[in-house]
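The values are calculated or read from the model by the stated rules, or taken from the named source; none is laboratory data. Here the structure is a predicted model, which means the values were calculated and not measured. With ideal geometry, Cβ positions are generated from the backbone for all residues, glycine too; neighbour counts draw on all protein chains shown.
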Amino acid sequence: MVQLKNKDLYFVSSNPNKFREIEPILRQYGIVSQLIKMSIQEIQSESVHRIAEDKSTYAFKHLLRPVVIEDDGFYISSLNGFPGQYSSFVYKTLGNQGILKLMLNKVNRRAYFLSVIAYNDGHTLKMFSGKTQGMLSKAAAEGGWGFDPIFLPKNTNKTYAELGRLNRKSFYSHRRKSIEKFSKWYITKRLQSGNR
Ligand code: IMP
């Protein structure tokens, strides 16, 4: 049974890496959050927004507290957007080496990450997205998680993994962009409703 502390909102995910990146940003905006480690079955959909929406509805019904969930997609241009919404499955099955193999001899190495944040408090369901364009590296760097070792965001020659080690991933991150949009909206909503 999950122990719910008294927080503004609950971030529901099976992936603590996401919360590790999101929590300090929420805190900068004065938003107090707790990770609820839970895996939610994904619906079959082409749309990361639809998946996020559905997961937030499930999470709210489960906890009956304001929830935030995040769903991501990783889209590789020369593979027609693969793995997209199947990124998690493809990471587990092919891994970074498998992706780099698929990219051997490809000239176009463009790729992007999409993050969709869904907030659901039972009355309001609101979504925010963040996108980061970049390229696939030729080799995997050390460290990070998921596709961090092979993704070079635009305007830097370092991968997410290397940026993470320098505490610089957040500056480029798709997740930072979506959670900042959410945080700005959330604190405005809180001010308007007279809470704190
Ligand atoms: P999910 O379906 O939202 O769990 O995420 C899709 C997959 O994309 C994750 O399992 C990771 O493999 C990958 N992913 C999402 N965000 C990141 C990131 O910031 N760095 C590295 N990989 C990521």
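In table form, for the structure just shown:
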item	result
Residue in region 66-74 that is in a helix (DSSP H, G or I), of a type outside the set (S, T, N, Q) and over 14 Å from the mean Cα position of the chain (by Cα) present	no
Test for residue 187: is it touching a residue at least 40 places away in the same chain (Cβ under 8 Å), farther than 25 Å from residue 8 by Cα and β-branched (Val, Ile, Thr)	no
Filter result for residue 95 (within 20 Å of residue 179 (Cα to Cα) and not β-branched (Val, Ile, Thr))	no
Those helices (runs of 4 or more DSSP H) lying entirely in region 114-196 with at least 3 residues more than 21 Å from residue 97 (Cα to Cα) and either modelled with pLDDT under 95 or touching a strand residue (DSSP E or B) at 6+ places or on another chain (Cβ under 7 Å) (or both)	174-192
Any hit, region 33-50, residues being closer than 20 Å to residue 187 by Cα and either of a type in the set (Lys, Arg) or in a loop (DSSP other than H, G, I, E, B) (or both)	no
Output for region 87-118, where each listed residue is out of contact with any Phe, Trp or Tyr (no Cβ under 6 Å at 6 or more places or on another chain) and closer than 21 Å to residue 11 by Cα	88, 114, 115, 116, 118
Enumeration of residues in region 85-100 that are crowded, with 17+ Cβ neighbours inside 10 Å and either at pLDDT 95 or above or assigned to a helix (DSSP H, G or I) (or both)	87, 88, 90, 91, 96, 99, 100
From 146, 164, 130, 134, residue being within 30 Å of residue 56 (Cβ to Cβ), surrounded by 15 or more Cβ atoms within 10 Å (Cβ to Cβ) and in contact with a Leu (Cβ under 6 Å, 6 or more places away or on another chain)	134
Only listed residue being within 21 Å of residue 71 (Cα to Cα) and free of Cβ contacts under 8 Å to residues at least 24 places away in the same chain, chosen from 194, 164, 146, 122	164
Region 1-22: number of residues that are surrounded by 14 or more Cβ atoms within 10 Å (Cβ to Cβ) and more than 14 Å from the ligand (Cβ to nearest atom)	4
Boolean, residue 70 is of a type outside the set (A, V, I, L, M), within 12 Å of the ligand (Cβ to nearest atom) and surrounded by 15 or more Cβ atoms within 10 Å (Cβ to Cβ)	yes
Where residue 117 falls short, out of the listed (1) more than 29 Å from residue 182 (Cβ to Cβ); (2) crowded, with 16+ Cβ neighbours inside 10 Å	(1)
